[in-house]
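Q: A single structure is presented below for examination.
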Amino acid sequence: MTEKGSVLVITEPHDVTADMVISHLNRLGVPVARFNPADIGADVSIAARFDACPVRVTGQLRTPSRCVELDEVRAIYWRRPVWPAFQHLPAADARFAASQVRYGLGGVLYALRDCRWVNHPLKNAAADYKPAQLALARTFGLRVPPTLVTNDPDDARRFIREHGRVICKALRWTPYARNGVGLTTWTEPVRAEEVDDTVRLTPHLFQARVDKAADLRVLIVGRRVFTVRLDSDLLDWRQDYSRLSYEVVDLPDRLSRALLAYLEHYGLASGSFDLAVDRDGEFHWLELNPNGQWAWLEEQTGLEMAAAFADLLAQGEARVVT
């Protein structure tokens, strides 16, 4: 058995969260190669071979400061990568070039299986569908608010009248802008009379509103569970971080086990869960973000989240030398 080499950190250039993890990896003496897929060309190059028997990926990934042997990668931290857009090329050429990078560079990286992924992007994608999350949460015994996904306005109105207090939230966050102005879709209350025929354009998620006393953000890193209670008077706490108060709390064992099993189902090493606590102290499932933000929670609470990520990445996966 042998220890593997570098940790690849794949993210955008100005990622403070990745900086925090890299600082801990440096303290542990773990070599790190950081890069962004958008920098392919002058700053990032890849040469991968698939001719070994049994088949494994060999070759090198090169950045301005590192040359990494692909079969010696210890772990990969897939944070917030940006793919190249090739804006200097004609539109058709740009689309072609972008697809070649995504399926070439991306494909080589995705093929690296003999290492620890946090998290593998294909597993992130599989876990990122809210309707599937809701169905799976119930199988693990988690309390899920009554929910309707529909593009039928009549069904939406019936659901709202049935449950009274209902919210509507986006099925997927996207970088949404109109006329150059960034827009964010918050979780909002909705009344039956507000539902019109524009609902037919896309599926919408309607959910019975939890009479919540607080929100919980639960970050799991490996087997470590960090739970922070977020108190505010906001329906969607993301709207105004200045109105939040933070308290480190312990999650009941049954919930910790359920959330760990949830991640294991998807093959994820980490994930950020949102739960609501109602006035009776009951916990309600809201959603999982497989690659959620957490750095601000460490700043507010002192929880050693970045160190937990670094420890997990440093462990890597052992391999047999043949």
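Q: For the Cα atoms of the chain, what angle does the longest principal axis make with the long axis of helix 130-139, in degrees from 0 to 90, nearest 10?
A: Value to nearest ten degrees: 80.
Q: Out of the chymotrypsin sites (Phe, Trp or Tyr not before Pro) in the stretch 12-101, which ones are loop residues according to DSSP with at most 14 other C-beta atoms within 10 Å?
A: F50
Q: In whole Hz and in residue order, list the ³J(HN,Hα) couplings for the stretch 149-159 that follow from phi through the Karplus curve 6.51 cos²θ - 1.76 cosθ + 1.60, θ = phi - 60°; x for Gly and Pro.
A: Result, rounded to whole Hz: 10, 7, 10, 9, x, 5, 4, 4, 4, 4, 5.
Q: Got the relative contact order for the chain handy, in percent, Cα pairs under 8 Å and 6 or more residues apart?
A: After rounding, I find 20 percent.
Q: What do you get for the angle between helix 16-27 and the principal long axis of the chain? Use alpha-carbon atoms, 0 to 90 degrees, nearest ten.
A: Once rounded, one gets 40 degrees.
Q: Let me ask something else about it. Can you tally the net charge around V101? Count Lys and Arg as +1, Asp and Glu as -1, for every other residue whose Cβ sits under 12 Å from the Cβ of V101.
A: Cβ neighbours under 12 Å give a net charge of +1.
Q: Can you list residues whose amide H is under 5 Å from H204's amide H, if they're 5+ apart or on another chain and H is modeled 1.01 Å from N?
A: The list, which skips near neighbours in sequence, is T150, N151.
Q: I want to check the label-to-label distance for R138 and Q100. Put each point 7 Å from Cα in the C-beta direction and report it in nm to one decimal.
A: Placing both labels 7 Å along Cα→Cβ, they lie 4.8 nm apart.
Q: While we're here: Could you pull out the chymotrypsin sites (Phe, Trp or Tyr not before Pro) across the stretch 159-211 that fall in loop regions by DSSP (anything but H, G, I, E, B) with no more than 16 other Cβ atoms inside 10 Å?
A: For chymotrypsin sites (Phe, Trp or Tyr not before Pro) across the stretch 159-211 that sit outside H, G, I, E and B with at most 16 neighbouring Cβ atoms in 10 Å, the list reads W173, W186.
Q: Rounded to the nearest 5, what is the percent of antiparallel bridges among the DSSP beta bridges in the chain?
A: Taking every DSSP beta bridge within the chain, about 80 percent pair in antiparallel fashion.
Q: Using +1 at the C-beta of Lys and Arg and -1 at the C-beta of Asp and Glu, which of V55, A258, P145 has the Cα lying farthest in the positive direction of the dipole of the chain?
A: V55
Q: For V221, V181, V21, what ranking results if the residue with the fewest other Cβ atoms within 10 Å of its Cβ goes first?
A: V181, V221, V21
Q: Read phi for every residue in the stretch 83-95 and hand back ³J(HN,Hα) as whole Hz from Karplus 6.51 cos²θ - 1.76 cosθ + 1.60, θ = phi - 60°, with x for Gly and Pro.
A: Coupling constants for the stretch 83-95: 8, x, 10, 6, 5, 7, 9, x, 3, 5, 5, 4, 4 Hz.
Q: Right, here's the next one. For a Förster distance of 25 Å, can you work out the FRET efficiency between the beta-carbons of A47 and E304, rounded to the nearest 0.05?
A: Rounded to the nearest 0.05, the efficiency is 0.10.
Q: Per 0.36 nm of contour for each residue apart, how much would the distance between W83 and E264 grow if the chain were fully extended, relative to their Cα-Cα spacing?
A: 62.4 nm
Q: Same structure again: Roughly what angle does helix 253-266 make with the longest principal axis of the chain, taking Cα atoms, 0 to 90 degrees, to the nearest 10?
A: Result, in degrees: 60.
We did not get these values from a lab; they are worked out from the coordinates using the rules stated. Computed from a prediction, not measured in an experiment: that's the story for all the values here. Cβ sites come from the backbone with ideal geometry, for glycine too, and all protein chains shown count toward neighbours.
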